[in-house]
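Written out below as structure tokens is the structure these notes cover.
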Amino acid sequence: MNLFISGSLAYDRIMNFEGRFSDHILPEKIHVLNVCFNVSGLSEKLGGTAGNIAYGLAQLDESPIILGCLGRDGRRYLEWLERQNIVSDHVAVVEDEYTAGAFITTDKADNQITGFNPGAMNYSCPFDLTQADPAQGILIVAPGNLQDMTKYPQQARGTGMPFIFDPGQSLNIWEGPALAEAMQGAQVLISNDYELEMIMRMTGMDLDRILARVQAVITTKGDKGSLLRQNGREMEIPAVPATEVKDPTGAGDAYRSGLLKGLCQGRDLAEAAVMGATLASFAVACYGTQEYSVTTGEFEARLQGARRQMGWD
């Protein structure tokens, strides 16, 4: 089964400020803000929705196919993808741009200031999905280039390839009618509960009308698990306990990886969602979105525990 992952590829540059932002910002001067923060260091992590989801699938012994763009500084990322057995043949390199990058500074109170440069993400991936065998493929459309997020659902509908639509952090760049069109026919619309509220507000559709457009809606709720709505029924999917929680940032993308793994194995959505929750429990135990590692035995053992929690075994 070919797993196509459309979304962003990015470098996350993470910095820590040892003080508090609020101690250096004068409220009465906010209209002429000009501040500088000396940080204690910088770490760089590989990120982006497509990279994170593909990485999770690689941990589950899949060789996903990324559809996205990197910039002229993307060689290190391509080498990393190759080492993970992730197919990057259709990753376009935009020599006139830098790879998308987030510059995140966090203070002692866990407040964050982030600057994001989309860079190469402003360019559409040239891959034509209609050239793929729809019977042997599953697509996820994750936050990334807006043109890709509109064309790939259209191409999937035209060929009959099943797809998951995940607008997530890209909602601020959508118009309601285009968003409603993009989700049409999706096997799953996946988002967190806040994003689902935004989708309903932007499209003017309530949940019933959305469910008339898509086969199922999965709503993730962090450590409270997720909710699967399908065929007029709701099913709570509990969060799978982690050995420890260091960084929840990559949990959502890991969930999507496990979900895709289950679907490509022919499992129903409920079982695939439990696989997503299981992989997410590994991701939160490490800092960074592509830092965790999972063996088949570890994953299967924790998955069986989750199944018992659901009363399935």
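Exactly one residue among G41, G48, G71, G56 is within 21 Å of the chain's Cα centre (by Cα) and on the phi > 0 side of the Ramachandran plot, and that residue is G48.
The residues of the stretch 165-205 that are more than 19 Å from A216 (Cβ to Cβ) and β-branched (V, I, T) amount to a single one, I173. When the stretch 236-267 is filtered for residues that are surrounded by fewer than 15 Cβ atoms within 10 Å (Cβ to Cβ) and either touching a Leu at 6+ places or on another chain (Cβ under 7 Å) or of a type in the set (S, T, Y) (or both), the ones remaining, listed by number, are E236, T243. Of the residues examined, M202 is one that is over 27 Å from G47 (Cα atoms) and among the aliphatic types (A, V, I, L, M). Candidates in the stretch 152-198 are the residues that are of a type in the set (D, E) and touching a Ser or Thr at 6+ places or on another chain (Cβ under 8 Å); of these, the one that is modelled with the lowest pLDDT is D193.
Considering only residues that are in contact (Cβ under 8 Å) with a residue 12 or more places away in the chain and not in a strand (DSSP E or B), which ones fall in the stretch 1-34? Selection gives M1, G7, S8, L9, F17, E18, G19, R20, F21, S22, H24. Residues in the stretch 151-163 include at least one that is touching a Cys at 6+ places or on another chain (Cβ under 9 Å) and either surrounded by 20 or more Cβ atoms within 10 Å (Cβ to Cβ) or in contact (Cβ under 8 Å) with a residue 60 or more places away in the chain (or both).
Conditions tested, residue by residue: (1) closer than 19 Å to S63 by Cβ; (2) in a loop (DSSP other than H, G, I, E, B); (3) not small (G, A, S).
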position: R256; (1), (2), (3): yes, no, yes
position: G266; (1), (2), (3): yes, yes, no
position: A270; (1), (2), (3): no, no, no
position: F282; (1), (2), (3): no, no, yes
position: E298; (1), (2), (3): no, no, yes
position: R302; (1), (2), (3): no, no, yes
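Would you confirm whether or not the stretch 111-131 contains a residue that is part of a strand (DSSP E or B) and either of a type in the set (S, T, Y) or within 16 Å of the chain's Cα centre (by Cα) (or both)? Yes, that holds for at least one residue.
Within the stretch 211-218, can one find any residue that is buried (at least 24 other Cβ atoms within 10 Å of the Cβ), at pLDDT below 95 and in contact with a strand residue (DSSP E or B) (Cβ under 7 Å, 6 or more places away or on another chain)? No, the stretch 211-218 has no match at all.
The values are calculated or read from the model by the stated rules, or taken from the named source; none is laboratory data. Bear in mind that the values here come from a model prediction, so they are computed numbers and not experimental data. Cβ atoms come from the backbone with ideal geometry, glycine included; neighbour counts cover every protein chain shown.
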